[in-house]
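**Q** Quick one: structure below, then a few questions.
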Amino acid sequence: FVHYDSNVIVRGTIIHDSSRALEVFSHSALWVTEDADVLRDVDTYRPVTMLSFFWDAALSGRLPWAYHLTNLLVHLGCTLLVYALARRVLAPQQRAWAPLAAAFFGLHPQLAEAHVWINGRSDAFCTLFGIGALLVWDRGCEAQRPRQRLVAWFGAAVLFLLGLMSKEVLLGLLPAVALWPAREARRASLGSRALSVLPFVAAALICP
């Protein structure tokens, strides 16, 4: 255990009862125990993060190893997606820098809290789904067939919604999507670009 909230989560009563897993969608973050003092000031909505604790509890009970393993795997997934994103946005002659970008993200101590502290995983899940949504959406924008584009945009919307239900700060991705540089192959009018952002807007409106 490396943080107070980590201890609260693993020792909580609710996540060790799998029959209550779906209740996370009607409660605030840190809904892991019946102790009102712990939950009093926590009013954020992060059901995907909470749901992941039920999986960890099923694996290791009240021992912390499964919780830390999940955090590590999600952080590694984020690092791989940072590599993929760097490859996507860098010019071909600059893509040799992509591994350095991923290594910097994966090893920088400033980000340690997100994967060392058990409850910090909300940041890691948010990043994982957010970058995944951006990559899928960007591929969809380049699709030649409307059906392929719609499938990709639907996938991006689902990933973005999962990210929002991991941590609400993912809303900050919307300006980045709106300003995302269009490639030569898909230069589009302002109206077309606005239409392409609709999957993210729809997901944001759906999320409570």
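The values are calculated or read from the model by the stated rules, or taken from the named source; none is laboratory data. If you're wondering where the values come from, they're calculated on a predicted model, not measured in any experiment. Methodologically, a virtual Cβ is constructed for each residue, glycine included, from the backbone with ideal geometry; neighbour enumeration extends over all protein chains shown. Accessible surface areas use protein heavy atoms only, side chains included; no ligands, DNA or RNA. Shrake-Rupley method; radii C 1.70, N 1.55, O 1.52, S 1.80 Å.
**Q** If you check every pair at least six apart or on different chains, which have Cβ atoms under 7 Å apart with a residue in region 37-56 that is farther than 21 Å from THR127 by Cβ and open to solvent by 50 Å² or more (accessible area, probe 1.4 Å) first and a residue that is modelled with pLDDT under 90 and part of a loop (DSSP other than H, G, I, E, B) second?
**A** Taking only residues 6 or more apart or on different chains, the pairs are ASP43/SER28.
**Q** Just wondering, is there one or more residues in region 77-88 that are closer than 15 Å to SER166 by Cα and of a type in the set (D, E, K, R)?
**A** Checking region 77-88: not a single residue is closer than 15 Å to SER166 by Cα and of a type in the set (D, E, K, R).
**Q** Provide a single number: the residues in region 37-70 that are modelled with pLDDT of 90 or more, part of a helix (DSSP H, G or I) and either β-branched (Val, Ile, Thr) or farther than 15 Å from GLY163 by Cα (or both).
**A** Qualifying residue count for the region: 16.
**Q** Whether any residue in region 15-36 is touching a Pro at 6+ places or on another chain (Cβ under 7 Å), assigned to a helix (DSSP H, G or I) and open to solvent by 40 Å² or more (accessible area, probe 1.4 Å) is what I want to check.
**A** Looking only at region 15-36, we keep the residues that are touching a Pro at 6+ places or on another chain (Cβ under 7 Å), and these are 24-25.
Now drop any that are not assigned to a helix (DSSP H, G or I), which leaves 24-25.
Among the residues that remain, those that are also open to solvent by 40 Å² or more (accessible area, probe 1.4 Å) are: 25.
Within region 15-36 (the criterion being touching a Pro at 6+ places or on another chain (Cβ under 7 Å), assigned to a helix (DSSP H, G or I) and open to solvent by 40 Å² or more (accessible area, probe 1.4 Å)), the answer is yes, since at least one residue qualifies.
**Q** Being in contact with a helix residue (DSSP H, G or I) (Cβ under 7 Å, 6 or more places away or on another chain) and assigned to a loop (DSSP other than H, G, I, E, B), is that true of even one residue in region 114-121?
**A** Among the residues of region 114-121, at least one is in contact with a helix residue (DSSP H, G or I) (Cβ under 7 Å, 6 or more places away or on another chain) and assigned to a loop (DSSP other than H, G, I, E, B), which makes the answer yes.
**Q** Considering every residue within region 78-94, establish whether at least one is modelled with pLDDT under 95, within 27 Å of VAL24 (Cα to Cα) and crowded, with 18+ Cβ neighbours inside 10 Å.
**A** The answer is no; no qualifying residue exists.
**Q** Considering only residues that are among the aromatic types (Phe, Trp, Tyr) and over 14 Å from ALA204 (Cα atoms), look in region 121-152 and name the one that is surrounded by the fewest Cβ atoms within 10 Å (Cβ to Cβ). Even if it seems obvious, please write down each step before you answer.
**A** Taking region 121-152 first, the residues among the aromatic types (Phe, Trp, Tyr) are 125, 129, 137.
Imposing the further condition that a residue be over 14 Å from ALA204 (Cα atoms) reduces the set to 125, 137.
On the way: PHE125: 25, TRP137: 23.
Only one residue tops the list, namely TRP137.
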